[in-house]
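One structure below.
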Amino acid sequence: MSASKPCDLTAVEARRLIGAKKLSPVELLNSCLERIAELNPILNAIVNPCYEQARHEARQAEMAVINGDELGPLHGLPLGVKDLNDVAGIKTTQGSPLFENVVPERDDNIVENMRRNGAIVVGKTNVPEHGFGATTDNPLYGITRNPYDPTLSAGASSGGTAVALATGMVPLAMGSDFAGSLRTPASYCGIAGFRPSVGAVPTDRRGMGWSPFDVEGPMGRTVADMKLLLGGMTASNLHDPLSQHVDPEFPETVRTIDLSDLKVAVSEDLGFAPMGKVTGEAFRQKLKLFESGFASVADNHPEMSNADRTFYVLRGIGFVHDFRQMYDENPDAFGPTIIDELKRAEKLTIADIGWAMSEHTRIFRNAESFFDDYDLLITPAASVPPFPHEEHYPKEIDGEDMGGYLRWEAISYGVTLFAGPAVVIRVGPGPANMPMGIQLIARKGSDCRLLDIAHTLEGIFAETTGLATSKPDLEALKA
């Protein structure tokens with residue numbers, strides 16, 4: 001079925017039509033801006049817009065097509081940039097009053113890469129304050145709402161990105177991921193999200209350059225769109241100490257591959273993560289619909305029984321680095337989430353940190369050994385379905401106290417410790433008829449192959465009853 005409006009096209013199809021001179025970048029941008037005007041007042045996905053600049057760049061992109069100029073892989077495609085990343089001349093607020101008037105003079109390196117490859121920035125996508133929280137909400141711009149049910153969370157911290165993509169406001173948008181920040185919103189909003197291997201998308205944004213936790217990654221309506229954007233995000237950067245060598249022939253096109261020789265492991269909880277009973281049961285039911293396509297499927301996961309403490313200790317180092325001085329200077333400028341986490345982090349000792357670094361190494365090596373025996377690990381993408389905004393985060397799961405805003409995302413942050421790629425793809429309706437995703441995980445460095453596996457599964461799911469995901473009802477949102 002063809003898309004009814006240009007903004008509903010996938011990024012891959014829109015780029016193909018632009019290159020074939022069958023779609024003008026101006027026409028595509030105008031369609032996206034019309035959709036934003038219709039839905040953003042309801043859903044609040046786009047903040048800090050730059051529409052006039054985008055119109056100017058779209059006209060330039062149109063002339064490049066007319067003149068027969070060489071076109072970049074993202075040429076003429078409207079782009080949403082997470083409001084943690086710098087775009088020259090546009091506010092980067094991080095959802096915080098402390099940064100309400102910060103206007104960077106230059107693009108950060110990833111934005112620079114995407115724009116150099118032809119993308120047109122239309123605005124920033126909303127985030128929780130400083131990027132921390134379980135739902136996308138902040139004191140500057142308020143709540144980003146789930147397009148399938150505006151009373152529910154869109155996830156965080158890339159909730160604005162996920163909503164903008166799910167509703168056709170933009171064909172491309174970037175996210176970032178620390179503990180599940182793009183994977184959970186992808187699952188909650190019925191799209192795809194990709195956490196690349198550490199160093200696969202070099203960045204100069206991290207203040208702690210040696211930390212392997214915070215990565216930048218693409219989000220998209222399809223896996224093919226994400227791989228296209230991943231190619232446009234990636235370039236070698238000597239200022240990132242974890243940067244991997246980037247192949248100049250990085251493939252932007254996904255391949256459909258044979259899944260029948262894959263040895264697959266499955267885990268509901270990685271042996272330590274809380275998992276809601278209703279979600280675990282739904283995950284097993286979904287798995288039954290496609291597991292016969294693999295060579296083998298076994299219940300297994302890497303040994304990582306100390307993952308919780310390991311992650312919290314190492315994450316605490318970053319909290320002290322990022323917020324201690326700002327808190328001392330502006331103690332009333334932070335919400336309770338950051339204050340609680342900062343106080344927890346300041347109790348850490350050098351012995352705690354040394355133990356956690358050693359344990360992280362052990363978990364990483366366990367994962368690498370695990371993938372000697374398995375090609376793929378599949379888990380649920382989230383422990384619970386989308387929850388009401390006013391809950392802030394799931395405080396308990398099946399009667400178990402989560403003890404803070406983050407532990408319910410252990411199924412995601414546990415995978416962060418592997419340092420390898422993880423992709424979330426939709427598997428149709430889940431509990432309460434809300435979108436549901438699964439998480440596909442592979443060995444560090446196997447990013448392109450994992451995306452090809454995800455693309456192949458995505459195609460199968462689209463044709464399988466119980467696994468196909470419907471789009472959000474945009475007319476109902478406007479009613």
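All of the numbers you see were taken from the coordinates with simple rules; none came from a lab. In this text the structure is predicted, and so the values were computed from the model without any measurement. Every residue, glycine as well, gets a Cβ built from its backbone with ideal geometry; the counts of neighbours run over all protein chains shown.
Take the cross-link list Lys21/Lys124; Lys82/Lys347; Lys82/Lys227; Lys343/Lys395 and give me the ones stretching past 25 Å between alpha-carbons.
Values: Lys21/Lys124 28 Å; Lys82/Lys347 32 Å; Lys82/Lys227 18 Å; Lys343/Lys395 19 Å.
Violating the 25 Å limit, Cα to Cα: Lys21/Lys124; Lys82/Lys347.
Give me the extension gain from Asn101 to Asn330: residue separation times 0.36 nm, minus the current Cα-Cα distance, reported in nm with one decimal.
Working: separation 229, 0.36 × 229 = 82.44 nm, distance 1.59 nm.
Working it through step by step, the gained length comes to 80.8 nm.
Please return the longest range in the chain lying between exposed loop sites, taking trypsin sites (Lys or Arg not before Pro), DSSP loop only, at most 11 other beta-carbon atoms within 10 Å, and leaving the sites out.
On the way: sites that count: Lys21, Lys22, Arg106, Lys347.
Segment 107-346 is the longest.
Rounded to the nearest 0.05, what FRET efficiency is calculated for Ala295 and Ser4 with R0 set to 51 Å and r the Cβ-Cβ distance?
Working: r = 41 Å, r/R0 = 0.80.
Plugging the Cβ-Cβ distance into 1/(1 + (r/R0)^6) gives 0.80.
Return the FRET efficiency for the residue pair Ser260, Thr465: r is the Cβ-Cβ distance, R0 is 22 Å, and the value is rounded to the nearest 0.05.
Working: r = 21 Å, r/R0 = 0.98.
Between Ser260 and Thr465 the formula returns 0.55.
Only loop residues by DSSP count here, and only those with at most 11 other Cβ atoms within 10 Å; note down the chymotrypsin sites (Phe, Trp or Tyr not before Pro) in segment 199-282 that meet that.
On the way: sites: Trp210, Phe213, Phe272; in loops: Trp210, Phe213, Phe272.
For chymotrypsin sites (Phe, Trp or Tyr not before Pro) across segment 199-282 that sit outside H, G, I, E and B with at most 11 neighbouring Cβ atoms in 10 Å, the list reads Trp210.
Provide the net charge surrounding Ser4, with neighbours chosen by a C-beta distance below 13 Å and charges set as Lys +1, Arg +1, Asp -1, Glu -1. Could the numbers behind the result be given before it?
Numbers: positive: Lys5, Arg35, Lys471; negative: Asp8, Glu34, Glu475.
Cβ neighbours under 13 Å give a net charge of 0.
Can you work out ³J(HN,Hα) from phi for every residue in segment 134-143, in order, using Karplus 6.51 cos²θ - 1.76 cosθ + 1.60 and θ = phi - 60°, giving whole Hz and x for Gly and Pro?
9, 9, 7, 8, 7, x, 8, 10, x, 8
For Rg and Dmax of the Cα atoms in Å, the choices are (1) 20.9, 64; (2) 26.2, 98; (3) 22.6, 67; which was calculated from the structure?
Label (1) holds the value from this structure.
If you average the C-alpha positions of segment 298-371 and of segment 30-65 separately, how far apart do those two centres end up, in angstrom?
Here the answer is 38 Å between Cα centres.
Give me Glu252, Glu129, Glu329 sorted ascending by neighbouring Cβ count inside 10 Å, so fewest comes first.
Glu329, Glu252, Glu129
Sequence gap at least 6, Cα distance under 8 Å: using those rules, report the relative contact order of the chain to the nearest whole percent. Each step should come with its number before you reach the end.
Numbers: 1090 pairs, mean separation 76.7, N = 479.
In percent, rounded to a whole number, it is 16.
Across segment 196-255, how large is the tail of the calculated P(r) beyond 18 Å, expressed as a percent of all Cα pairs?
Roughly 33 percent, rounded to a whole number.
Equivalent ellipsoid semi-axes for segment 1-51, as square roots of 5 times the alpha carbon gyration tensor eigenvalues: give them largest first, rounded to whole Å. Don't skip to the answer; put the middle values down first.
On the way: eigenvalues 101, 30, 15 Å².
Each semi-axis is √(5λ); the values are 22, 12, 9 Å.
Please report the antiparallel percentage of DSSP beta bridges with both residues in the chain, rounded to the nearest 5. If you can, show how the numbers build up before the last one.
On the way: 29 of 43 bridges.
Taking every DSSP beta bridge with both residues in the chain, the antiparallel ones total about 65 percent.
Using a simple charge model, +1 on the beta-carbon of Lys and Arg, -1 on the beta-carbon of Asp and Glu, nothing else, what dipole does segment 6-478 show about its Cα centre, in debye to the nearest 20? Show your work: numbers first, answer last.
On the way: 42 positive and 64 negative charges, 108 e Å.
Its charge dipole is roughly 520 debye.
Across segment 86-96, in residue order, what do the Karplus-derived ³J(HN,Hα) couplings come to in whole Hz, using 6.51 cos²θ - 1.76 cosθ + 1.60 with θ = phi - 60° and x for Gly and Pro?
With the stated coefficients, segment 86-96 comes to 7, 10, 3, x, 10, 4, 10, 9, 6, x, 10 Hz.
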